[in-house]
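Written out below as structure tokens is the structure these notes cover.
The values are calculated or read from the model by the stated rules, or taken from the named source; none is laboratory data. Just so we're clear, the structure is a prediction, and the values are computed from it rather than from any experiment. All Cβ positions, glycine included, derive from the backbone under ideal geometry; neighbour counts span all protein chains shown.
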Amino acid sequence: MKISKKLLAIILAVLMTVSMVTVAVVNVSAAAGDKVYCRASFAPNCYMWNNSTKENNKAWPGVAMTKVSGETDVYCYTVPDDKFDMIIFNKGSDGQTDDLKYPGGNKLYDYAKQTWSDYSADPVPVISVSKEGGSFKDSVDVNITVTDATSAYYAIDGGSHIAINGSVNLTLGANVAEGTSIKLDISATNSYGTTAKSFTYKKRSSSGPVDDGSTSPAIAGNYATNPNNGYGKRKTITVDGDKSDWESSMLIAQGVANDDPRVYAHWSMHEIAFDDYAM
């Protein structure tokens, strides 16, 4: 009788172990509308398919994932159908994950670590500002846009908090003296945290040299640093002899060649300055 109980205990233990293993390897089928995430240093593609029928979400390499607002390296894909149970994240022809069993919605795959974890799709608030500080001449127009926030405000020079409902346009500095600095504080909050930013704007002189080195208008019509209060512009230029790629907002300095000061002497026989150049 004792032997039978012992055998029965062993059999039950084995059955329980097999049952547990079976549960662990059962595939999870996707549900239409599920969101799946991938953390990667590149913009990944998501390829999904059904392991039995071989139906896929799109021909290889799948569908380009969308960057999650407020995240630097997290991308999202919304599952379009409930028939997929396998997934691959990939760079196209440059690299890919192994064949992965779909883990269910709201999961994040870390491409570098090759691990899954839970993910909250709601990011902390994002604050975007059209002009992030700097100097201005008469006044400066600033657009503030806040996304993913339940509440947000701005304050000028430490003053009262003024609510932002999505977006707001401000005109700063119209009635302040030259040389005055204006501080703009912005804060946005949701259940995942608070984002705060501060910017400083300085009203500069309306003419002549000022403390940031600019001159407006150009001295004697020839020499200037940041004429028109410009600070340059990031742009790709094709060096092909066509000057249409360049525009006035890119001008940060101008001068003139052959600018020997002796030309201004009454006895001078030197040629006057000529050949304008610009940076």
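Overview of values
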| read-out | value |
| --- | --- |
| Residues that are modelled with pLDDT under 90, in contact with a strand residue (DSSP E or B) (Cβ under 7 Å, 6 or more places away or on another chain) and either part of a strand (DSSP E or B) or outside the structural domain of T147 (by TED's automatic domain parsing) (or both), drawn from segment 166-194 | T194 |
| M48 being modelled with pLDDT of 90 or more and farther than 30 Å from T145 by Cβ | yes |
| Number of positions in segment 31-53 that are part of a loop (DSSP other than H, G, I, E, B) and more than 15 Å from Y102 (Cβ to Cβ) | 5 |
| In segment 141-165, residue surrounded by the most Cβ atoms within 10 Å (Cβ to Cβ) [restricted to those that are part of a strand (DSSP E or B) and among the hydroxyl-bearing types (S, T, Y)] | Y154 |
| Scope segment 68-90; condition over 12 Å from the mean Cα position of the chain (by Cα) and closer than 29 Å to S128 by Cβ; matching residues | Y75, C76, Y77, T78, F89 |
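Each row is one residue, and each column tells you yes or no for (1) among the basic types (K, R); (2) out of contact with any His (no Cβ under 8 Å at 6 or more places or on another chain); (3) modelled with pLDDT of 95 or more.
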| position | (1), (2), (3) |
| --- | --- |
| M16 | no, yes, no |
| K35 | yes, yes, no |
| S41 | no, yes, no |
| P44 | no, yes, yes |
| S52 | no, yes, no |
| W60 | no, yes, yes |
| I88 | no, yes, yes |
| A112 | no, yes, no |
